[in-house]
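Trainee: A single structure is presented below for examination.
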2 protein chains.
Amino acid sequence: MSQTVGRALSILPLLAEGPANLEQVASRLDVHKSTALRLLRTLHEHGIVYRQPDQRYRLGARLFALAQEAVENLDVREIAHPHLAELNAACGHTVHLAVYEEDEVLYIDKVESRYPVRMYSRIGKPVAITVAAVAKLLLADLPEPERRAVAERLDYPRYTSRSTPDAAAFLAELAKVREQGWATDLGGHEESINCVGAPIRGAEGRVVAAMSVSAPNVVVSADELLSLLPRVRRTAEAISAEYVGQPTLPQPTGGRHPHPRHKRAAP
Amino acid sequence: MSQTVGRALSILPLLAEGPANLEQVASRLDVHKSTALRLLRTLHEHGIVYRQPDQRYRLGARLFALAQEAVENLDVREIAHPHLAELNAACGHTVHLAVYEEDEVLYIDKVESRYPVRMYSRIGKPVAITVAAVAKLLLADLPEPERRAVAERLDYPRYTSRSTPDAAAFLAELAKVREQGWATDLGGHEESINCVGAPIRGAEGRVVAAMSVSAPNVVVSADELLSLLPRVRRTAEAISAEYVGQPTLPQPTGGRHPHPRHKRAAP
DNA sequence: GGAAGTCGTTGCATATTCTGCAACGACCAT
DNA sequence: ATGGTCGTTGCAGAATATGCAACGACTTCC
C-alpha cells in the first residue's frame with residue numbers, strides 16, 4: 001500500500017541474512033543509493049538497524065527488544081512453559097510449542113532434548129507447515145473454507161519420501177487429525193525424526209496453539225514415541241485448562257466483520 | 001529522514017504495549033485514520049503486524065522470526081552460552097550476557113537462577129544503564145570523548161539510595177571499572193540485589209560484550225557474591241579467548257570514515 | 001606519487017506518492 | 001428504527017520521496 005514503507009521493510013529480511021553495505025541494499029531493493037540511504041537512516045533512527053564500526057548495516061537491538069515484548073504478550077507461552085518443562089523432565093525429548101498465523105506456523109517455545117542427538121529447530125523459525133505435527137493440529141482447526149484455501153495455497157516440498165505430497169493428501173490428513181484430536185509426523189520432514197503432538201484449546205474449544213514431542217529414531221523408535229501420546233495429551237489438556245481458566249481478556253468484542261470475507265459483488 | 005517510514009515504525013513500540021485498534025493507532029500517531037490504515041496494511045503485508053480475529057492489531061510473528069535471526073548472527077552469544085550455563089551450574093545464580101548499542105545496553109542472553117528467589121530481568125529489555133555492572137563494563141571501554149558524551153546524555157534515576165547520582169559520579173565509576181577490569185552493582189538498581197561482572201573482549205582487546213552474576217541479598221551476601229569474582233573473570237576470559245579465536249570475519253576492512261566525527265568547518 | 005576506482009554523502013528539481021477529507025457500509029446499542 | 005462507532009474507499013491537492021550528478025574520503029593499482 002505504501003511504497004516507501006514497503007521498501008523500508010524489505011530491507012529487514014535482507015539484513016537478517018547478514019550485514020550489508022549501502023550499495024548492496026540499494027541494488028537488492030532496486031533503488032538509487034540515495035534512496036536506500038534515507039531509508040536506512042530512518043530505520044537507524046528508530047533503532048531497528050544498527051550501523052557497525054565498518055559502516056555496514058545489520059539488524060539492531062531494538063528489533064530484538066520489540067520482538068521479545070511481542071512474545072511476552074502471548075499468554076499461552078507463559079502458561080505453557082512450566083508444563084512443557086515438566087514433560088521434558090519426564091521423557092527427556094525435545095518439546096515444542098507453536099502457533100499459527102497467516103499461512104505460517106512457528107515455534108514460540110522449545111525445551112531442548114536432554115539426549116546428545118537432537119533435532120534441529122529454532123524458536124521463531126517457520127515450521128515445515130505441510131508435515132509438522134503441530135502444523136497439522138493448528139490447520140486442522142481452521143474453518144473448512146479457509147482450511148481448504150490455505151491447503152491449496154501451500155507448496156508441498158518432498159523433504160522425504162513420507163512428506164505430504166499434495167493438497168488433497170494434506171486435507172485428508174487434517175480431517176483425520178481433527179477427528180482423533182492428536183497428530184504425528186513420522187519422518188515427513190527429516191527421515192529419522194518422529195513427532196507426536198496435541199492441541200491446546202482456548203475458550204470455545206478453538207485451537208490456539210499446539211505442542212509436540214520430537215525424537216530421532218536412534219534414540220527411540222516411532223512406536224516408543226507414540227507410547228508417550230497419553231502423556232502429551234494430558235499435558236496439552238492441562239495447559240488448555242489453565243489457559244481458559246484465566247485468559248487475560250482476549251478479544252473483548254465477539255467478532256465484528258465490517259467487510260465479510262466472502263462478500264458477494266454488488267448488483 | 002523519511003516521514004512515512006518513521007510513522008510506520010512508530011507504530012511498533014506502540015503495539016508492543018499490547019493490541020490496539022485503528023483509531024487508537026491513528027490518534028497516537030496523530031494522523032488521519034486512513035493514513036494509519038495504509039501504514040498498518042503495509043506492515044501487515046510484510047508480516048510485521050498481525051490482525052487479530054477481533055480486528056485489532058498486534059505485533060506479528062515475522063517480527064519475532066526476524067529478531068531471532070538477528071540475535072543468531074551475534075556470534076558472541078553462541079560462543080558464550082555454554083560458558084554461562086557452566087557458570088550457572090557451578091554457582092546457581094542468574095547469569096547475564098549484555099551488549100552495548102547506541103546509548104542502550106541490553107541483555108542478549110540469560111541463564112536463570114536455580115534458587116527460588118530470583119532477580120527479575122528480561123532478555124531484550126534495556127538495562128538500567130547507569131547502575132548495572134554490565135553497563136559499566138561496556139561503557140567504560142568507549143573512547144574517552146564518546147564515553148563522556150554518553151554519560152552526559154543519560155538520565156540518572158534514583159532507583160535506590162545507592163544508584164549512581166549523576167554524570168560525574170558515573171564517569172568516575174567508569175574510570176575505576178576500566179582500571180580494575182571488572183564491575184559491580186551493589187544494590188544500585190534494586191536495594192536487595194547485587195551483581196558482579198566482567199568484560200568479554202574481542203580482537204584488539206575491545207570490549208564486545210559483558211557478563212554478570214546476580215543474586216539477591218537473601219540468598220548470598222554481597223561479600224559472598226564478590227568471592228565469585230575470580231570465577232566470573234575466568235569465565236569471561238574463556239569466552240573472550242574463544243571469541244577472538246574464530247571470529248566469523250567481523251569487520252573485514254579496518255575502518256573507513258568518509259566523514260570523520262569531528263570535522264572542522266570549511267574555511 | 002599520481003590517477004583511477006570505491007563507496008557514502010549532499011542539494012536540488014521533478015513528479016510520484018502520501019495525506020486528509022468526506023461519505024459510505026457494516027455493525028452494535030438503545 | 002435511529003443514532004453512534006469503527007473501518008473502508010476514491011479523490012484532488014500538496015507534501016514528500018525519488019533519481020541525478022557531483023563531491024569528498026579513502027583505497028588500490030600502476
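Trainee: Within the range B:59-85, which residues are more than 7 Å from chain A (Cβ to nearest Cβ) and in contact (Cβ under 8 Å) with a residue 24 or more places away in the chain?
Mentor: B:Leu74, B:Asp75, B:Val76, B:Arg77, B:Ile79, B:Ala80, B:His81, B:His83, B:Leu84, B:Ala85
Trainee: Among (1) farther than 25 Å from B:Gln3 by Cα; (2) in contact (Cβ under 8 Å) with a residue 24 or more places away in the chain; (3) more than 11 Å from chain B (Cβ to nearest Cβ), where does A:Ala20 come up short?
Mentor: Result: A:Ala20 fails condition (1) only.
Trainee: Check off (1) of a type in the set (A, V, I, L, M, F, W, C); (2) touching a His at 6+ places or on another chain (Cβ under 9 Å); (3) open to solvent by 30 Å² or more (accessible area, probe 1.4 Å); (4) closer than 20 Å to B:Glu101 by Cα for B:Ala203 and give me the number that stays unchecked.
Mentor: If we test B:Ala203 against (1) of a type in the set (A, V, I, L, M, F, W, C); (2) touching a His at 6+ places or on another chain (Cβ under 9 Å); (3) open to solvent by 30 Å² or more (accessible area, probe 1.4 Å); (4) closer than 20 Å to B:Glu101 by Cα, just (2) comes out false.
Trainee: So, in the range A:209-228, exactly how many residues are within 22 Å of the chain's Cα centre (by Cα) and crowded, with 23+ Cβ neighbours inside 10 Å?
Mentor: Total meeting the criteria: 7.
Trainee: Okay, next question. Could you identify the single residue in B:Leu39, B:Leu14 that is touching a helix residue (DSSP H, G or I) at 6+ places or on another chain (Cβ under 9 Å), within 23 Å of A:Arg7 (Cα to Cα), among the hydrophobic types (A, V, I, L, M, F, W, C) and away from DNA strand C (no atom under 11 Å from the Cβ)?
Mentor: When all the criteria are applied, what remains is B:Leu14.
Trainee: Exactly one condition in (1) within 11 Å of DNA strand C (Cβ to nearest atom); (2) within 26 Å of A:Ser34 (Cβ to Cβ); (3) buried (at least 18 other Cβ atoms within 10 Å of the Cβ) is false for B:Ile48; which is it?
Mentor: Unmet for B:Ile48, out of (1) within 11 Å of DNA strand C (Cβ to nearest atom); (2) within 26 Å of A:Ser34 (Cβ to Cβ); (3) buried (at least 18 other Cβ atoms within 10 Å of the Cβ): (1).
Trainee: Give the residue, chosen from B:Ala133, B:Ala61, B:Ala149, B:Ala128, that is within 30 Å of B:Ala172 (Cβ to Cβ), open to solvent by less than 50 Å² (accessible area, probe 1.4 Å) and in contact with a strand residue (DSSP E or B) (Cβ under 7 Å, 6 or more places away or on another chain). Give the steps one after another, and end with the answer.
Mentor: Numbers: B:Ala61 fails: within 30 Å of B:Ala172 (Cβ to Cβ); B:Ala149 fails: in contact with a strand residue (DSSP E or B) (Cβ under 7 Å, 6 or more places away or on another chain); B:Ala128 fails: in contact with a strand residue (DSSP E or B) (Cβ under 7 Å, 6 or more places away or on another chain).
Of B:Ala133, B:Ala61, B:Ala149, B:Ala128, the one residue that is within 30 Å of B:Ala172 (Cβ to Cβ), open to solvent by less than 50 Å² (accessible area, probe 1.4 Å) and in contact with a strand residue (DSSP E or B) (Cβ under 7 Å, 6 or more places away or on another chain) is B:Ala133.
Trainee: While we're looking at this one, here's another question. Across the range B:229-267, which residue is modelled with the highest pLDDT among those that are among the β-branched types (Val, Ile, Thr) and open to solvent by 40 Å² or more (accessible area, probe 1.4 Å)?
Mentor: Of everything passing the filter in the range B:229-267, B:Val244 is modelled with the highest pLDDT.
Trainee: If you scan the range B:10-27, which residues turn out to be open to solvent by 10 Å² or more (accessible area, probe 1.4 Å) and either near DNA strand D (Cβ under 10 Å from one of its atoms) or in a helix (DSSP H, G or I) (or both)?
Mentor: Listed by number, the residues that qualify are B:Ser10, B:Pro13, B:Leu14, B:Asn21, B:Leu22, B:Glu23, B:Gln24, B:Ser27.
Trainee: Shifting gears a bit: For A:Arg206, only one of the following conditions fails: (1) more than 24 Å from A:Pro82 (Cα to Cα); (2) among the charged types (D, E, K, R); (3) at pLDDT below 90. What is its number?
Mentor: Of the numbered conditions (1) more than 24 Å from A:Pro82 (Cα to Cα); (2) among the charged types (D, E, K, R); (3) at pLDDT below 90, the odd one out for A:Arg206 is (1).
Trainee: Follow-up question, since we're still on this one. When the residues of the range A:28-42 are filtered to those that are of a type outside the set (A, V, I, L, M) and under 25 Å from B:Ala65 (Cβ atoms), which remaining residue is surrounded by the fewest Cβ atoms within 10 Å (Cβ to Cβ)?
Mentor: A:Asp30
This table checks each residue for (1) in contact with a Cys (Cβ under 6 Å, 6 or more places away or on another chain); (2) within 12 Å of DNA strand C (Cβ to nearest atom); (3) not in a helix (DSSP H, G or I).
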residue	(1), (2), (3)
A:Val31	no, yes, yes
A:His44	no, yes, no
A:Glu86	no, no, no
A:Leu97	no, no, yes
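The values are calculated or read from the model by the stated rules, or taken from the named source; none is laboratory data. Values in this document were obtained by computation on a predicted structure and should not be read as measured data. Neighbour counts run over all protein chains shown; Cβ positions are idealised from the backbone, glycine included. Quick note on the areas: whole protein, heavy atoms, side chains included, nothing else; ligands and nucleic acids left out. Shrake-Rupley method; radii C 1.70, N 1.55, O 1.52, S 1.80 Å.
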